[in-house]
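Engineer: To start, I am sharing the structure in question, which I have written as structure tokens.
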Amino acid sequence: MGTSLFFWDWAVIAAYFAGMVLLVWWSSKKQDTTSDYFLAGRNIPWFVVGASLFASNIGSEHIVGLSGNGATSGVGMAHWELHAWVLIMLAWVFVPFYQRSGVFTMPEFLEKRFNSKSRWILSIVSLIAYVFTKVSVTVYAGGMVFGVLLPDTFGTPENAFWIGALLTVILTGIYTVLGGLRAVVYTDTAQAFILVIGSIFITVFGLQALAGDSSLIGVVDGWKEMVATCKANAANFALWRPNTDPDFPWLGILIASPIVGIWYWCTDQYIVQRTLAAKNLTHARRGAIWGAFLKVTPVLIFLIPGMIGWALHQKGLLEIPMQTVNGQSVLNGDKVFPTMVATLLPVGLRGLVVGGLIAALMSSLSSLFNSCASLFTVDIYEKIRPGTSERHLVTVGRIATGVVVALGIIWIPVMPLISRGGLYKYLQSVQSYLAPPLTAVFLLGLFSKRINAHGAVAGLVTGFILGMTKLVIQALVGGGTITGPEWLVAVGDYNFLFASGWLLGISVVTIVTVSLLTAAPDAKKIEGLTFSTISAKHKAENRASWNKWDVIATAGVLGIVLTLYLYFSFWLK
């Protein structure tokens, strides 16, 4: 295909980077303390909190991977992208506890609720999770974009993959190291809108190409044509699949999707750190609600383009690269979006969308880098070296970031062995093994004052070991290393959604059983950290932090989610 970017494309990309440099320079002037560096001085307004939540979540792995799944399995993965309702849980259930406790990190919150051992476990598990699910996936997706759009710029597509991805990692690392969380959240705010605008363009141009009409009517006709094309393969493009479906059985989705959603949106440092940096409880809650509004858009602007690309391919209007899976030639879903960008968009606009893809990659990585620095520095290093100066702690956090990035890059070649179903399925597969014990510990910890530190530690250790065991067996079976005995192969091939449900059940039973067999936690220690121990003063403060507009906005988000569920439940009938 050759180099797909021209002068005006590069000019737009250069303007984007110039804007990011100015924004980083403005936002990074004060980085003297750990509060400044890791939580932006706890002075972030709600609209920045919400935009940063969205941009941190919607990385290049979503644009590339979600579009790929749209092309190969329709709206089957839309359940994870309709998690706006989980952000509402963050706003109303979790945020008040986090804000009231004044913590820097989620492991620090677990120490307040349980003990230091639970803090250590969550810190280590989170850092491992970031290597498996964030660094490697984000770099891989970004590299895929460079490999398709600039196949000859660095000699070969493979060279373009590695050089393009690594250059972006380095540039992102530089501005994150210099600016801390303040630089991250303000660049995220700008990048969120670039992401949305760029993806809207690819959706519009794709629908017009499908209809053969470049007018506004062409968008409507293109949508009808896409739906009609998908109806011919309705079983593979439906939102709800029978329980016999090997990838997305409806019962498995109902079980696993909320487990992953609650862990990711309500307890993961990578996401929750934005609400911790808010000016106060009101801004933290409204930021989460604003983020929920933004979160309803990915289905329309990331998943739908994948289905448009598939329809164009079926009609011979777009040639999407193929790949061999289990001896069969199938569509390479992860190359759908970059191929559409390279083929459908005019010069200049193509540069804007590529800028959006770079923005996605950088926003995810910058958020990840700062979260890793926070976890390692506050929850591990400071525990080992108490009394260390603020400036020294910031330096340690910057060094730790580089180590996590290197581990993530090393893990990239292993990723295809974990999932043969595409980048986004890989992401959800790994998260489904990491999330259950963490979801169980946080929910039980908030809703029951009887759950104690012994139960929490036992649940975390048991769930994490079982989850990692399943992940390793799945990787070895997927790579052909394990071919027997039959029961072990069955474990490796067992559906990741149902496996997530079993892991949650085992974790809950372990936590409850061990807690009941040991002494109840001290009432004074958990005051204000569970729903039944909130004081009258804290209840009054919580009530004063919201008004009718917060309730109306919440109802609006839930209404949009319900509408999308109803439409896509019957759209191919």
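The values are calculated or read from the model by the stated rules, or taken from the named source; none is laboratory data. Everything numeric here is computed off the predicted structure, so don't read it as measured data. Note: ideal-geometry Cβ built from the backbone for every residue, glycine included; neighbour counts use all protein chains shown.
Engineer: So in segment 170-208, with the set limited to residues that are over 17 Å from Trp26 (Cα atoms) and crowded, with 24+ Cβ neighbours inside 10 Å, which one is modelled with the highest pLDDT?
Structural biologist: Only one residue tops the list, namely Leu207.
Engineer: Right, here's the next one. Filter segment 532-546 down to the residues that are farther than 22 Å from Ile451 by Cα, under 32 Å from the mean Cα position of the chain (by Cα) and aliphatic (A, V, I, L, M) and list them by number.
Structural biologist: Ala544
Engineer: Take Thr324 and tell me if it is over 25 Å from Leu82 (Cβ atoms), among the hydroxyl-bearing types (Ser, Thr, Tyr), surrounded by fewer than 21 Cβ atoms within 10 Å (Cβ to Cβ) and in contact (Cβ under 8 Å) with a residue 12 or more places away in the chain. Please lay out each step first, then the result.
Structural biologist: Numbers: over 25 Å from Leu82 (Cβ atoms): yes; among the hydroxyl-bearing types (Ser, Thr, Tyr): yes; surrounded by fewer than 21 Cβ atoms within 10 Å (Cβ to Cβ): yes; in contact (Cβ under 8 Å) with a residue 12 or more places away in the chain: no.
Considered against the rule, which asks whether it is over 25 Å from Leu82 (Cβ atoms), among the hydroxyl-bearing types (Ser, Thr, Tyr), surrounded by fewer than 21 Cβ atoms within 10 Å (Cβ to Cβ) and in contact (Cβ under 8 Å) with a residue 12 or more places away in the chain, Thr324 comes out as no.
Engineer: Continuing with the same structure: Suppose we keep only residues that are in a loop (DSSP other than H, G, I, E, B) and farther than 24 Å from Ile511 by Cβ within segment 436-492. Which one would you say is modelled with the highest pLDDT? Walk me through how you get there before you give the answer.
Structural biologist: Applying the first criterion (in a loop (DSSP other than H, G, I, E, B)) to segment 436-492 yields 448-452, 479-485.
Restricting the remaining residues to those that are farther than 24 Å from Ile511 by Cβ gives 479-485.
Values: Gly479: 68, Gly480: 73, Thr481: 77, Ile482: 78, Thr483: 79, Gly484: 78, Pro485: 87.
In this case the residue turns out to be Pro485.
Engineer: May I ask you to list the residues in segment 451-487 that are crowded, with 17+ Cβ neighbours inside 10 Å, more than 19 Å from Asn115 (Cβ to Cβ) and small (Gly, Ala, Ser)?
Structural biologist: Residues satisfying the conditions are Gly467, Ala475, Gly478.
Engineer: Still on this model: Given the condition in a loop (DSSP other than H, G, I, E, B) and at pLDDT 75 or above, answer yes or no: does some residue in segment 82-89 qualify? Please lay out each step first, then the result.
Structural biologist: The first filter runs over segment 82-89 and keeps only residues in a loop (DSSP other than H, G, I, E, B), leaving 82-83.
Applying the additional criterion that residues be at pLDDT 75 or above yields 82-83.
Yes, segment 82-89 has at least one match.
Engineer: Could you say whether any residue in segment 106-113 is surrounded by 24 or more Cβ atoms within 10 Å (Cβ to Cβ) and either in a loop (DSSP other than H, G, I, E, B) or hydroxyl-bearing (Ser, Thr, Tyr) (or both)?
Structural biologist: No, segment 106-113 has no match at all.
Engineer: Please determine, by comparing only the residues of segment 489-519 that are polar (S, T, N, Q) and buried (at least 20 other Cβ atoms within 10 Å of the Cβ), which one is nearest to Thr469 (Cα to Cα). Spell out how you get there, then give the answer.
Structural biologist: Of the residues in segment 489-519, the ones polar (S, T, N, Q) are 495, 500, 507, 510, 513, 515, 518.
Those still in the list that are buried (at least 20 other Cβ atoms within 10 Å of the Cβ) too: 500, 507, 510, 515.
Values: Ser500: 13, Ser507: 15, Thr510: 18, Ser515: 25 Å.
By that ranking, first place goes to Ser500.
Engineer: From (1) closer than 21 Å to Leu529 by Cα; (2) surrounded by 23 or more Cβ atoms within 10 Å (Cβ to Cβ); (3) small (Gly, Ala, Ser), pick out the condition that doesn't hold for Ser448.
Structural biologist: With respect to (1) closer than 21 Å to Leu529 by Cα; (2) surrounded by 23 or more Cβ atoms within 10 Å (Cβ to Cβ); (3) small (Gly, Ala, Ser), Ser448 is out only on (2).
Engineer: How many of the residues in segment 378-396 are under 15 Å from Ser116 (Cα atoms), surrounded by 18 or more Cβ atoms within 10 Å (Cβ to Cβ) and among the aliphatic types (A, V, I, L, M)?
Structural biologist: Residues flagged as under 15 Å from Ser116 (Cα atoms), surrounded by 18 or more Cβ atoms within 10 Å (Cβ to Cβ) and among the aliphatic types (A, V, I, L, M) within segment 378-396 amount to 2.
Engineer: May I ask you to list pairs of residues, at least six apart or on different chains, whose Cβ atoms are under 6 Å apart, with the first in segment 276-291 being part of a loop (DSSP other than H, G, I, E, B) and the second being at pLDDT below 95?
Structural biologist: So the pair list comes out as Ala277/Leu39; Ala277/Ala40; Ala277/Arg42; Ala277/Ile44; Ala277/Leu181; Lys279/Asn43.
Engineer: Can you tell me which residue among Ala71, Ala40, Ala55 is at pLDDT below 90 and under 16 Å from Leu294 (Cα atoms)? So that I can check it myself, show each step before the final result.
Structural biologist: Numbers: Ala71 fails: under 16 Å from Leu294 (Cα atoms); Ala40 fails: under 16 Å from Leu294 (Cα atoms).
Testing whether each residue is at pLDDT below 90 and under 16 Å from Leu294 (Cα atoms) leaves just Ala55.
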